[in-house]
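The block underneath contains the structure these notes are about, expressed in structure tokens.
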Amino acid sequence: MALHKGLTKIGFKVSLCEKHFHDHDETWVILQGKGTGYWVDHGGKRKEFDLEAGDVWMIPAGYEHGSEGLKATSKNSGDFAIAVFNGTLPEGSHKPGHYYVETERYIPTFELRKTPTDRYTEPLGLPALMRGIIFPEKGKAAFQKEPTPGCNAGTVLCQSLFTGLTNGTERNVLLGGNYSGGQWPNRCGYQNVGIVLAVGRDVKDFVVGDLVFSGDFCQHTQYFAAAASENSLIIKLPGAVEPAHAALFGVASVAMHDVRRAGVMLGEKVLVVGAGPIGQFTAQAARLAGAIVTICDLNDKRLAVARTLGTHATIALTPDAASWAAVKQAGPFDVVFEDSGAPVLEHVLGGTWGQGVLKHRSRVVVVAGRDRVEYSFNAGQGYELSVLHASHFVGDDLRQVSRLAAEGMLKFGPVIQDRVKVEDAIAIYNTLRDSPSSLFGVVFDWR
């Protein structure tokens with residue numbers, strides 16, 4: 001609607017008015033005389049109105065309406081005059097005029113749409129620059145000052161509480177592996193736990209103060225703006241989950257995705273090669289799927305953790321290939337998860353027909369990142385093997401991890417070896433570069 005100047009000076013007389021409707025609200029201002037009006041609402045119910053000078057009659061959009069005059073004369077008084085003005089015309093509506101349901105074959109209705117706005121939002125008072133972790137060159141991690149993100153439509157702006165190290169992926173990028181793209185500076189990080197400071201437009205399921213986990217590669221930063229659409233990798237943390245434990249929800253979700261990708265079934269024999277964080281969560285997820293799980297590694301401490309987490313059997317390997325005899329004796333296996341990144345497929349499949357640790361028509365899931373994968377064609381053919389790859393996790397993997405963690409079915413505490421202030425992060429990355437096997441689950445505390 002707009003300003004209507006001199007409305008009472010431009011009225012017109014109405015003796016009768018046929019039934020019609022508009023795609024907009026319409027208002028009659030009764031200037032003089034007496035008359036009647038009626039409308040038929042969206043449900044088809046009719047209502048009568050007596051109109052006289054000084055009255056204002058507002059007819060909603062889509063209501064059929066008209067005037068049939070006074071009962072005594074079947075017309076309005078001779079001096080009955082009105083001024084009319086229209087309400088807002090929605091996009092796509094007819095030009096103002098008389099329209100008839102009998103010919104148009106529709107009844108228009110309005111729908112309220114609330115568009116969130118930050119027009120009057122108080123500034124958060126955040127610093128213009130924040131701390132972040134970057135790889136400025138191959139093999140080097142450093143802190144940097146970078147712009148603090150804003151809260152755009154479809155995102156939530158969060159202050160970091162904890163971030164989790166993704167040991168294998170971040171070491172791969174740090175050292176210029178296949179995930180790095182060979183470019184510097186570079187960075188990596190997809191395990192962010194934070195408190196929501198602001199909610200952007202079109203975000204429905206989050207409010208200020210929520211504790212959340214995001215797995216959408218928000219990096220290791222003091223603040224992060226996480227995508228918060230229906231398909232985004234973000235979840236509100238259940239009250240039963242310790243926030244520091246949720247900093248490993250990313251690697252746990254990768255493991256969940258891998259187990260689902262392999263289609264692990266009740267009673268199947270599963271071998272997990274590599275007892276790092278993803279291996280530990282793979283073993284737990286496979287066990288929850290009903291499998292009989294064996295895990296092998298060179299590190300006795302990691303195997304001890306696996307036993308506390310319920311793995312059915314552990315096997316200590318050595319650099320000597322002969323140690324794989326114990327794995328073969330424990331098999332054969334329906335599914336093998338290669339979580340170590342080491343060149344072990346020659347032991348899993350064997351050098352030729354029937355020399356590996358597999359059942360016929362088994363599945364091998366190659367998880368840990370590397371540039372190339374090699375194995376004996378004859379061995380794979382002999383087993384009629386399915387070699388599977390798995391990418392990043394999806395939203396339902398994350399939701400199931402969160403649920404199982406809240407129910408106490410998926411354990412995180414034993415996997416966290418180092419919970420350090422973020423000020424000590426560079427030392428952790430130096431260790432990751434030089435002695436990766438000495439690290440396990442690592443959580444950076446940003447508080």
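The values are calculated or read from the model by the stated rules, or taken from the named source; none is laboratory data. Note that the coordinates shown come from a computational prediction; the quantities given were computed from them, not determined experimentally. Using ideal geometry, Cβ is built from the backbone for each residue, glycine included, and neighbour counts are taken over all protein chains shown.
Which residues, taken from the range 76-99, are of a type in the set (Ser, Thr, Tyr) and within 47 Å of the chain's Cα centre (by Cα)?
Thr88, Ser93, Tyr99
Among (1) among the basic types (Lys, Arg); (2) more than 19 Å from Tyr190 (Cβ to Cβ); (3) assigned by TED's automatic domain parsing to the domain that holds Arg307, which single condition is Lys204 missing?
(3)
Please tell me if Asn172 is farther than 29 Å from Gly239 by Cα and not in a strand (DSSP E or B).
So Asn172 passes the test.
Any residue that is farther than 23 Å from Asn178 by Cβ, touching a Leu at 6+ places or on another chain (Cβ under 7 Å) and among the hydroxyl-bearing types (Ser, Thr, Tyr) - is there at least one of those in the range 369-386?
yes
Mind checking whether some residue in the range 154-177 is exposed (fewer than 13 other Cβ atoms within 10 Å of the Cβ) and either closer than 29 Å to Ser253 by Cβ or without any contact (Cβ under 8 Å) to a residue 12 or more places away in the chain (or both)?
The answer is no, given that none of the residues of the range 154-177 is exposed (fewer than 13 other Cβ atoms within 10 Å of the Cβ) and either closer than 29 Å to Ser253 by Cβ or without any contact (Cβ under 8 Å) to a residue 12 or more places away in the chain (or both).
Checking the conditions here, which among Gly125, Gly92, Gly62, Gly132 is over 27 Å from Gly200 (Cβ atoms) and either out of contact with any Phe, Trp or Tyr (no Cβ under 9 Å at 6 or more places or on another chain) or not in a loop (DSSP other than H, G, I, E, B) (or both)?
Just a single option satisfies the conditions, and that option is Gly92.
Would you check if there is a residue in the range 439-446 being among the acidic types (Asp, Glu) and touching a strand residue (DSSP E or B) at 6+ places or on another chain (Cβ under 9 Å)?
yes
Taking the range 134-193, which residues are aromatic (Phe, Trp, Tyr) and in contact with an Asp or Glu (Cβ under 8 Å, 6 or more places away or on another chain)?
Within the range 134-193, Phe162, Trp184, Tyr190 meet the criteria.
Does the range 25-35 contain at least one residue that is hydroxyl-bearing (Ser, Thr, Tyr), touching a Leu at 6+ places or on another chain (Cβ under 9 Å) and assigned by TED's automatic domain parsing to the domain that holds Ile82?
No: zero hits.
What number of residues in the range 18-56 are surrounded by fewer than 18 Cβ atoms within 10 Å (Cβ to Cβ) and assigned to a strand (DSSP E or B)?
Count: 14.
So which residues in the range 352-372 are polar (S, T, N, Q) and modelled with pLDDT of 95 or more?
Result: Ser362, single match.
Could you tell me whether the range 198-217 includes any residue that is in contact with a helix residue (DSSP H, G or I) (Cβ under 7 Å, 6 or more places away or on another chain) and under 11 Å from Ser160 (Cβ atoms)?
Scanning the range 198-217 turns up no residue that is in contact with a helix residue (DSSP H, G or I) (Cβ under 7 Å, 6 or more places away or on another chain) and under 11 Å from Ser160 (Cβ atoms).
Criterion first (closer than 26 Å to Asn192 by Cα and aliphatic (A, V, I, L, M)) does Leu124 satisfy it?
For Leu124, the condition - closer than 26 Å to Asn192 by Cα and aliphatic (A, V, I, L, M) - is met.
Can we say Cys158 is in contact with a strand residue (DSSP E or B) (Cβ under 7 Å, 6 or more places away or on another chain), modelled with pLDDT of 95 or more, assigned by TED's automatic domain parsing to the domain that holds Tyr429 and in a loop (DSSP other than H, G, I, E, B)?
Considered against the rule, which asks whether it is in contact with a strand residue (DSSP E or B) (Cβ under 7 Å, 6 or more places away or on another chain), modelled with pLDDT of 95 or more, assigned by TED's automatic domain parsing to the domain that holds Tyr429 and in a loop (DSSP other than H, G, I, E, B), Cys158 comes out as no.
Any residue in the range 415-426 that is surrounded by fewer than 19 Cβ atoms within 10 Å (Cβ to Cβ), aliphatic (A, V, I, L, M), farther than 30 Å from Trp353 by Cα and in contact with a Ser or Thr (Cβ under 9 Å, 6 or more places away or on another chain)?
No; the residues of the range 415-426 include none that is surrounded by fewer than 19 Cβ atoms within 10 Å (Cβ to Cβ), aliphatic (A, V, I, L, M), farther than 30 Å from Trp353 by Cα and in contact with a Ser or Thr (Cβ under 9 Å, 6 or more places away or on another chain).
Output the residue which, of all residues in the range 325-380 that are of a type outside the set (A, V, I, L, M, F, W, C) and free of Cβ contacts under 8 Å to residues at least 12 places away in the same chain, is surrounded by the fewest Cβ atoms within 10 Å (Cβ to Cβ).
Taking the candidates together, the pick is Arg372.
Restricting the search to the range 364-387, which residues are over 17 Å from Gly274 (Cα atoms) and not hydroxyl-bearing (Ser, Thr, Tyr)?
Asp371, Arg372, Glu374, Phe377, Asn378, Ala379, Gly380, Gln381, Gly382, Glu384, Leu385, Val387
Within the range 79-92, can you find the residues that are surrounded by 14 or more Cβ atoms within 10 Å (Cβ to Cβ) and among the small types (Gly, Ala, Ser)?
Ala81, Ala83, Gly87
Condition first: at pLDDT below 95 and on the phi > 0 side of the Ramachandran plot. Now tell me which residues in the range 124-140 satisfy that.
Residue satisfying the conditions is Gly125 alone.
Can we say Ser67 is at pLDDT 95 or above, surrounded by 13 or more Cβ atoms within 10 Å (Cβ to Cβ) and within 21 Å of Asp41 (Cβ to Cβ)?
yes
Could you list, in sequence order, all residues of the range 95-120 that are surrounded by 10 or more Cβ atoms within 10 Å (Cβ to Cβ) and either under 22 Å from Gly150 (Cβ atoms) or among the basic types (Lys, Arg) (or both)?
Once the filter is applied, which keeps residues that are surrounded by 10 or more Cβ atoms within 10 Å (Cβ to Cβ) and either under 22 Å from Gly150 (Cβ atoms) or among the basic types (Lys, Arg) (or both), the range 95-120 yields Pro116, Asp118.
Can Asp216 be described as acidic (Asp, Glu), surrounded by fewer than 22 Cβ atoms within 10 Å (Cβ to Cβ) and in contact with a strand residue (DSSP E or B) (Cβ under 9 Å, 6 or more places away or on another chain)?
yes
Looking at the range 232-241, can you tell me whether even one residue there is farther than 19 Å from Thr166 by Cβ, out of contact with any Lys or Arg (no Cβ under 8 Å at 6 or more places or on another chain), among the small types (Gly, Ala, Ser) and not in a helix (DSSP H, G or I)?
Yes: the range 232-241 contains one or more residues that are farther than 19 Å from Thr166 by Cβ, out of contact with any Lys or Arg (no Cβ under 8 Å at 6 or more places or on another chain), among the small types (Gly, Ala, Ser) and not in a helix (DSSP H, G or I).
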